[in-house]
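Notes follow the structure.
Just so it is clear, none of the values below were taken in a lab; they were calculated from the coordinates. In this text the structure is predicted, and so the values were computed from the model without any measurement. Counting neighbours? That spans all protein chains shown, and the Cβs are built from the backbone with ideal geometry, glycine included.
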Amino acid sequence: MRAMDVQTIVKVTGAEALGLKEEKFQGIGTDTRADLKGQLFIALKGEAFDAHQFLDKAVQQGASGLLVHEDSDLVQRLKGQVTILKVPDTLKALQQLGTWARRQSKAIVLGITGSNGKTTTKEFTAALIGSVKKVHYNKGSFNNHWGVPFTLLQIPADAEVAVVEMGMNHAGEITELVHIAEPDVVVCTMVGRAHMEFFGTIEKVAEAKEEIYIASGSNTLRIYNLDNAQTHKMYVRATEKYPHEKLLTFSSEDPRADVHLTIASMSMGELSIKGSISGQSGSARVQVFGSQNLTNLMAAAALGLAAGMTPAQVWSGLPHCKTNWGRNQLVNLKSGAQMIFDAYNANPDSMKALIDNMKLLTVSGRKVGVFGQMRELGSASASLHEELGTWVGQAGFDKVYFIGDDYEAFGKGLQKAGYKNPSLIEKDFKESSGQDLGQFLKSGDIAVVKASRGTKLERFVFPCEPLDFAEKQ
């Protein structure tokens, strides 16, 4: 965490000092459950919480300063114990400090967004570039209006590259994050049917995602996915506005792209890829599952080039890429069966990609599908879950499970597809459902588990006695 002093904070945020005790802070903190020793605690206020209510707890946790936007009896009581700085808006102050930290750093800042794959691309990029350079990146999905500045404030002094994920569910949010992070390189992995609840059409989603390119400076290097219809349109528009040397492309279909990769073979635990990176041919074996990860690997490779890696270094770095908890995670079960646990996020496009992968897999046993509610689909939710049921019903599963509010629509789609094998379709999870799955799976079987994070499909995993799986920390 970057150290800072009162003078700097006042200069950057316009803060007013209500009480001065300490002049310097080792960094910033926002969580009263964490060790805050020597830190400036920023009292953020959200829809469901207000950290101003816990200022005394922050002091108990070791905070030597408080940044607030409200004066109160509690603030007055704490004035003699710690430094207290008051600003009009603590969130805005956090963002201002994030931009200040970004400008203090010598690191190349990479900005990543996309309907699918942005978190996985971030992880791949950090692993790839980390094979030759000092990399900083946010753990988990710290990709919103407070997570991005927090990530920037954590950039170590010796970092050469900082990878920043940018998420959104409303128009204008990406623009705000770009202005905070001022990225040197930006990419939208792809545009799909995520966040339909807030946008209504995929064209509106694309407009919001394109903000990462439009809001960036003229000297920013822009990377484009030529395989996705929406991002390809963005690229065509960019060619009319920016010089060729400020654009990079990736594609599995167009060999003229700066990064052109294809899948040579795929198994449960590995993708074998081949192609060319900046004109240099090569191949690599990457320990990840699913053809959809090809897009994420190509985006990471292009970001590696943009960060100064040579094509040879990118080829050598690709095998370092791996998926994290809940993202195409391979889980081995006591029964000898295996599971692909991909329940950190889901939307219709990522569901379709996973189902298509399962169709391609050859297994010695049976294929089982465990699916759950996809969120943020708005008025289209029922029809999209019926569509999901149809896909699942046509995919050759030997047994299917589903839990979620749109269970009836899913079942209707399953029936429409002519699915005849066993199924367990319910609104809510029951322990008996997890036990049923655990008893059904045998050695050689493969189960795929996918839903939006809030559905908590890991509840299906533990009754199957996993050998290498834990709760999300």
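So how much slack lies between Gln415 and Glu47, counting 0.36 nm per residue of separation and subtracting their Cα-Cα distance, in nm?
Length difference between fully extended and current span is 128.4 nm.
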Original post:
Put a dot 7 Å past each Cα toward the Cβ at Trp325 and Thr310; how far apart are the dots in nm?
Top reply: 3.9 nm
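Considering only DSSP beta bridges whose two residues both sit in the range 105-320, what percent are antiparallel, to the nearest 5?
40 percent
Can you tell me how much longer the chain between Arg77 and Lys21 gets when fully stretched, taken as 0.36 nm per residue apart minus their C-alpha distance, in nm with one decimal?
18.8 nm
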Original post:
Which Cα, out of Thr201, Ile174, Pro311, lies furthest along the positive dipole direction of the range 105-320 (beta carbon charges, K/R +1, D/E -1)?
Top reply: Pro311
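If packing is taken as the average count of other Cβ atoms within 10 Å, what order do 215-222, 346-353, 117-124 fall into, highest mean first?
Sorting 215-222, 346-353, 117-124 by mean packing, highest first, produces 117-124, 346-353, 215-222.
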**OP:** With +1 on each Lys and Arg Cβ and -1 on each Asp and Glu Cβ, and nothing else charged, work out how big the dipole of the range 163-320 is about its Cα centre, in Debye to the nearest 20.
**Re:** 400 debye
Original post:
Out of the DSSP beta bridges found with both residues in the chain, what percent are antiparallel (nearest 5)?
Top reply: 35 percent
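Give the residue list of trypsin sites (Lys or Arg not before Pro) in the range 240-292 that are DSSP loop and have at most 15 other beta-carbon atoms within 10 angstrom.
Sparse-neighbourhood loop trypsin sites (Lys or Arg not before Pro): Lys241, Arg256.
How much net charge surrounds Asp227 when only the other residues with a Cβ under 9 Å from the Cβ of Asp227 are counted, with Lys and Arg +1 and Asp and Glu -1?
Once positives and negatives cancel, what remains is -2.
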**OP:** May I ask you to compute the full-extension gain from Leu360 to Asp405, defined as 0.36 nm times their residue separation minus their alpha-carbon distance, rounded to one decimal in nm?
**Re:** 13.2 nm
Original post:
Pairing the Cα long axis of helix 118-130 with the longest principal axis of the chain, what angle in degrees results, from 0 to 90 and rounded to the nearest 10?
Top reply: 70 degrees
Original post:
Count of lysine pairs in the range 11-63 with Cα atoms under 17 Å apart, counting only pairs 8 or more residues apart in sequence or on different chains?
Top reply: 5
Original post:
Any idea which of Val191, Thr8, Asn138 is furthest toward the positive side of the dipole for the chain, if Lys and Arg beta-carbons carry +1 and Asp and Glu beta-carbons -1?
Top reply: Asn138
**OP:** Counting other beta carbons within 10 Å of each Cβ, put Leu110, Leu91, Leu97 in order, fewest first.
**Re:** Leu91, Leu97, Leu110
Subject >> Neighbour-count ranking [beta-carbon atoms within 10 angstrom, fewest first] of Cys188, Cys464 >> reply: Cys464, Cys188
Subject >> Residues His320, His170, sorted so that the one with the fewest Cβ neighbours within 10 Å comes first >> reply: His170, His320
**OP:** Label the range 378-473 by shape, choosing from rounded, prolate and oblate, from the square roots a ≥ b ≥ c of the eigenvalues of the Cα gyration tensor; if a/c is under 1.5 it is rounded, and otherwise prolate applies when a/b is larger than b/c, oblate when it is not.
**Re:** oblate
Subject >> From the coordinates shown, Cα extents along the principal axes in Å corresponds to which of (i) 137, 51, 43; (ii) 84, 56, 44; (iii) 71, 54, 40 >> reply: (iii)
Subject >> On Cα atoms only, tilt of 431-440 relative to the major axis of the chain in degrees >> reply: 50 degrees
**OP:** Between Asp428 and Glu270, take the C-beta separation as r, use R0 = 35 Å, and let me know the FRET efficiency to the nearest 0.05.
**Re:** 0.45
Original post:
Given R₀ = 30 Å, FRET efficiency for Lys106-Thr175 by Cβ-Cβ distance, to 0.05?
Top reply: 0.75
Original post:
Which angle between 0 and 90 degrees, to the nearest 10, do you get for helix 90-104 versus the longest principal axis of the chain when only C-alpha atoms count?
Top reply: 90 degrees
Original post:
How large is the charge dipole for the chain, taken about the Cα centre, if only the Cβ atoms of Lys, Arg (+1) and Asp, Glu (-1) carry charge, to the nearest 20 debye?
Top reply: 800 debye
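Might you report the magnitude of the Cβ-based charge dipole of the range 324-431 about its Cα centre, with Lys and Arg at +1 and Asp and Glu at -1, to the nearest 20 debye?
Charge dipole, the range 324-431, about its Cα centre: 460 debye, nearest 20.
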Subject >> Rounded FRET efficiency, nearest 0.05, which uses the C-beta distance separating Arg285 from Lys11 and R0 of 56 Å >> reply: 0.65
Subject >> Estimated inter-spin distance, Thr262 and Gln60, nm [label 7 Å along Cα→Cβ] >> reply: 6.3 nm
